[in-house]
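A.B. asks: Pasting a structure below so you can have a look.
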Amino acid sequence: MSRVSRHKDGKRPRTGQLVKVGLAVISAAAIAGGVILYNTSSDHTGPLPAHLPPAAASYLGVYESGLPGSYAKVTEFTKAIGASPDIVMYYSGWYVPFPLGFATTVANNGAVPLVQMDPDSVSTAAIASSQYDAYLSSYAEAVRAYNHPVILSFGHEMNGSWSKWGYTHQSPADFVAAWRHIVTIFRDLGARNVTWLWTVNIINDGRNAKIDGVGPWWPGSSYVTWVGIDGYYLKPEWQFAPLFGPTIAAVRNLTGDPILIAETGAIPGANQPAKITNLFAGIRSYGLLGFVWFDSTNTVGQHFSLNSPAAFAAFREGASTYGRPGS
């Protein structure tokens, strides 16, 4: 989403033994299909594979304030929805090192960290011209040593005008060059456990913001693993298809790469449960990977946390249908 999704703290702001033959058969079938039964906390253990499977309607993610410093709110979210997130997202400014301790906690909880690496204090042209290779090399080596999957998104929502690295501030050509340069450094250093998430804002934002099309910012399929799309249910009447559909279509003109709704939420109130149900349905309808729920408050005081029994029930119902990504 955009400028309104920044958290007020300045960071952008989601077994046992099988004893019955029938259950064993179901489990084997699920594993063969790339999914392990249900995404519940009781069976959601161990790190995901380094190369994340592009399994539709299976990735459930969350952002909570306080990350990566504290995992407490993610634990609370997990208990509240009765399911363990597969993705835990946080926002990282430039020069910030890879948080190995946090990432290890994420892996131990059966999830993958999604790092929104934002060039908040540097230019994309300088990145592309190798001025920050020492920092990027150190980061890549730390990710490689971590040896579990990491989803990395650089300069997200670059097609919007609200960030220093985005539209009207820096050129698409410089962004593309920086993106390719970063990916090349990681690959040259053997950090092959990265899923590269190219994240855009919805093009029909519905607010007074300057938003570019997605095409000029596209670095090419050889430099991208998944596509992320950010968008929020900011008005009671908004629905998944008109909210995300035009951007999905624009992305599909560029690539057939898997799509993740990388940042979303719905304003609290009587309509929030219906929006949650609509979100889960839309993910399935379009065959997307899943979504990351922004369970926090932004800089302008809008909050998207689940805040009613009906909202929690809608989220639990949707989450209960998601299988854990696996192979």
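A.B. asks: Taking amide H positions as placed in the peptide plane 1.01 Å from N, state which residues far from ASN201 in sequence (5 or more) or on other chains have amide H under 5 Å from it.
C.D. replies: Result for ASN201 returns GLU157, MET158, ASN159, GLY160, ASP230.
A.B. asks: Residue by residue through region 281-289, what is 3J(HN,Hα) from phi via Karplus (6.51 cos²θ - 1.76 cosθ + 1.60, θ = phi - 60°)? Round to whole Hz and write x for glycine and proline.
C.D. replies: Karplus values, whole Hz, x for Gly and Pro: 5, x, 4, 5, 4, 8, x, 8, 5.
A.B. asks: What are the residues whose amide H is under 5 Å from the amide H of THR195, where those residues sit 5 or more places off or on another chain and H is modelled from the backbone?
C.D. replies: Under 5 Å from the amide H of THR195 lie the amide H atoms of VAL150, ILE151, LEU152, each far enough along the sequence or on another chain.
A.B. asks: While we're looking at this one, here's another question. Roughly how many nanometres apart are two label points built 7 Å out from the Cα toward the Cβ at GLU76 and HIS169?
C.D. replies: 3.0
A.B. asks: From the phi angles alone, apply the Karplus equation (6.51, -1.76, 1.60; θ = phi - 60°) to region 232-247 and give each ³J(HN,Hα) in whole Hz, x where the residue is Gly or Pro.
C.D. replies: 10, 7, 8, 10, x, 7, 5, 10, 4, 4, x, 6, 9, x, x, 6
A.B. asks: Order of 57-68, 189-200 by packing, highest average Cβ count within 10 Å first? List each step's numbers first, then the result.
C.D. replies: Working: 57-68: 24.0, 189-200: 20.2.
Ranking, from highest mean packing down: 57-68, 189-200.
A.B. asks: Determine the gain in length on full extension of the stretch THR321-ASN147; use 0.36 nm per residue of separation and subtract their C-alpha separation, reporting nm with one decimal. The partial results should precede the final answer.
C.D. replies: Numbers: separation 174, 0.36 × 174 = 62.64 nm, distance 2.93 nm.
Full extension from THR321 to ASN147 adds 59.7 nm.
A.B. asks: Still on this model: Work out from phi, with θ = phi - 60° and the Karplus expression 6.51 cos²θ - 1.76 cosθ + 1.60, the ³J(HN,Hα) of each residue of region 196-203, listed in order in whole Hz, and give x for Gly and Pro.
C.D. replies: Rounded to whole hertz, the list is 8, 10, 8, 10, 10, 8, 4, 7.
A.B. asks: Return the percentage of antiparallel bridges among DSSP beta bridges fully within region 196-327, rounded to the nearest 5 %.
C.D. replies: Numbers: 1 of 13 bridges.
In region 196-327, DSSP labels about 10 percent of beta bridges as antiparallel.
A.B. asks: Please give the length that would be gained between PHE312 and SER130 if that part of the chain were fully extended, namely 0.36 nm times their separation in residues minus their C-alpha to C-alpha distance (nm, one decimal). Could you put the intermediate results ahead of the total?
C.D. replies: On the way: separation 182, 0.36 × 182 = 65.52 nm, distance 4.68 nm.
Roughly 60.8 nm would be gained on extension.
A.B. asks: Further question on the same structure: If one computes the Cα centroid of region 83-109 and of region 59-77, what distance in Å separates the two points?
C.D. replies: 9
A.B. asks: Now a separate question. List the aspartates and glutamates whose alpha-carbon lies under 14 Å from that of LYS210, not counting same-chain residues fewer than 8 positions away?
C.D. replies: Straight-distance partners of LYS210: GLU157.
Where a number appears in this text, it was derived from the coordinates with a stated rule and is not lab data. Here the structure is a predicted model, which is why all the values come from computation and not from measurement. With ideal geometry, Cβ positions are generated from the backbone for all residues, glycine too; neighbour counts draw on all protein chains shown.
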